[in-house]
Amino acid sequence: MSRDPAPTREGAIAAALRILDSGRFEADLARRVAMPTVSREAAHGSDLQAYLDRELVPVFDRLGFGVRVFRRDDAPGAFLLASRIEEPGLPTVLMYGHGDVVTGLAEKWSPGLSPFAMTERDGCWYGRGTADNKGQHSVNLAAIEAVLAQGGALGFNLKVLTEMGEECGSPGLAALVADEAQVFAADMLIASDGPRIGLDQPTIFLGARGCMDLHLEVVARDGYHHSGNWGGLLANPAVELAHAIAALIGPTGECLVPELTPGTIPDDVRQALSRCTIQTAPGDPGLDAWWGAPGLTQAERVYGWSTLEVLEIEAGNIAGPLNAIPPQARARLQLRHPVEVDTDAVLPAVRRRLDDAGLHRVGIVPAGAAFPASRSDLDNEWVRLVAASMQRTLGRPPVILPNLGGSLPNTIFTDTLGLPTIWVPHSYPGCGQHGADEHLPIGIAREGLAIMAGIFWDLGHPPPA
């Protein structure tokens, strides 16, 4: 009587790729993209719940996971925790993903493309959530399925947390995890969000830069006043605001407030970034080598330093000019920063900088909640295991970044749960997330399936040292 071949790592990777080649992965992702899970719009609350009930719960049931649902009053949707505990003594891995998306912006998409109808074009799948985050957690779920199909077991315990409010700033998640810390307890976190450093550069990152909004405002008076009659007699809020921005940001984009920067880049971070090169893909804007903090490489500027950017600025009515001095001006600035920045010192330092420049009338308006910065140790056993697994699968080492340039709710895992965190993104910088024409290159999906199947196999079947 013939016997089935023994399960192998290669077999698990092949099983993951068959899910793609059969068309099932595409069908699953298209169905998920078609659900308008826009967490910032209350009208889509039922879609947020339907995504969990119709898309994720059946998958976890089929794969032998137990499911719990948590709710918080301030969260736009529920939180789903799926757990597969094979043996209490085995290592426990926590995974994270989110099923909500930003607004579709249908009117801005290219002809023939639509945010909630997935379309294949030029080797990419277009649709809202293909990159952020439905495509990424779909890759991970398919890889888990492939490993289980090979051996019937993972060889480790796995908990998968999915939230439906990440695009709103993850309200309720920190309190939930703090209140239920034992339920979410694990030995490490592995998740997929954000982009690789480049289209063809598989990447690991170990945390995220923090994010703080700074709203500046100058309110001079009520109403507009004719610039010919009143120019030179009335202070112009737009000019005051322009000088305020210039006091904070230099002409080549350097942040001029020392307290908003790390001051120095730690040696281990600088060493890791010395091996990183930022590459652009077709369709990406060209890089401005002259822009940013002087004396730093481009990788250091994005991953090891702070950036202070002007995101919106408003004064007067440029669409319908009034030839008048505006009554007020306002701007929204955003600080992205690494863990070395003391966030409690940011606003007082900005106030001092403006006052020292004589800009006392420029107000700092309270902004919304901030994302704290986080970074796991660059050298720990989990990083070594995952990096070695990826090299074994790909035949080349991954890029290891200390942290993502953007922001994620990573401190919930590093600080509240005390976990080392490893993020393996299945996207790239030009994916169009949060804008029109969001897409996932099929090649990245294919590579991601192989990478994750290999990682999950190696977590449960550690190779000899």
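Read-outs throughout are calculated quantities, based only on the coordinates presented, and are distinct from any laboratory measurement. Since we're looking at a predicted model, the values are computed, not measured. Positions of Cβ are backbone-derived with ideal geometry, glycine not excepted, and every protein chain shown enters the neighbour counts.
Worth pointing out:
- Stokes-Einstein diffusion of the stretch 1-152 at 37 °C, 0.692 mPa s viscosity, Kirkwood radius from Cα pairs, rounded to a whole number: 191 µm²/s.
- Cβ-Cβ distance of Glu309 and Thr8, R₀ of 41 Å, FRET efficiency by 1/(1 + (r/R0)^6): the value works out to about 0.25.
- For the stretch 38-76, backbone nitrogen atoms closer than 15 Å to the point 7 Å from Val183 Cα along Cα-to-C-beta are found at 66-75.
- Residue among Thr277, Leu287, Cys255 farthest towards the positive dipole end of the stretch 251-310, charges placed on Cβ: Thr277
- The H on the amide N of His225, modeled in the peptide plane, is under 5 Å from the matching H of Ile325, each at least 5 residues off or on a different chain.
- Under the combined filter of DSSP loop state and at most 15 neighbouring Cβ atoms within 10 Å, the stretch 7-78 retains these GluC sites (Glu not before Pro): Glu41.
- Area projected by the alpha carbon convex hull of the stretch 207-320, averaged over all directions, nm²: 10.7
- In the chain, a dipole from Cβ-located charges (positive for Lys and Arg, negative for Asp and Glu) runs towards its positive end, and of Asn410, Val365, Ile19 it is Ile19 whose Cα lies farthest in that direction.
- Loop-located trypsin sites (Lys or Arg not before Pro) in the stretch 1-108 (DSSP state not H, G, I, E or B) with no more than 15 neighbouring Cβ atoms inside 10 Å: Arg3, Arg40, Arg71.
- Vicinal HN-Hα couplings computed from phi for the stretch 77-88 (Karplus, 6.51 cos²θ - 1.76 cosθ + 1.60; Hz; Gly/Pro x): x, 7, 10, 10, 10, 9, 10, 10, 9, 7, 8, x
- Relative contact order of the chain, taken over Cα pairs closer than 8 Å and 6 or more residues apart, is 26 percent.
- Annotation: amide H of Gly231 has no partner in the under-5 Å range at sequence separation 5 or more or interchain, hydrogens built in the peptide plane.
- Calculated FRET value between Ile364 and Arg24, using beta carbons and R₀ = 41 Å, to 0.05: 0.20
- Close amide-amide hydrogen proximity is noted between Ile249 and Leu256, each under 5 Å apart and 5 or more residues distant or on a separate chain (H modeled in the peptide plane; Pro and chain starts excluded).
- Considering only beta bridges that DSSP places wholly inside the chain, some 70 percent are antiparallel.
- With K and R counted +1 and D and E -1, the other residues having a Cβ less than 11 Å from that of Ile249 yield a net charge of -1.
- Within the stretch 414-465, all pairs of alpha-carbon atoms sorted by distance into 5 Å bins from zero give the percentages 5, 15, 16, 17, 16, 15, 11, 4, 1, 0.
- The Cβ shell under 11 Å around Gly283 holds other residues with a net charge of -3, Lys and Arg each +1, Asp and Glu each -1.
- The Rg/Rh ratio for the chain, using Cα coordinates for both the radius of gyration and the Kirkwood hydrodynamic radius, is 1.01.
- Rg/Rh for the stretch 1-68 stands at 1.15; both radii use Cα atoms, and Rh follows the Kirkwood definition.
- Net charge contributed by nearby residues that have their C-beta within less than 15 Å of Trp230 (K/R +1, D/E -1): 0
- Low-density loop positions, chymotrypsin sites (Phe, Trp or Tyr not before Pro), the stretch 82-134 - DSSP coil, at most 13 other Cβ in 10 Å: none
- Cut-off 18 Å, label 7 Å out along Cα→Cβ of Thr264, residues of the stretch 311-348 by amide N: 338-342
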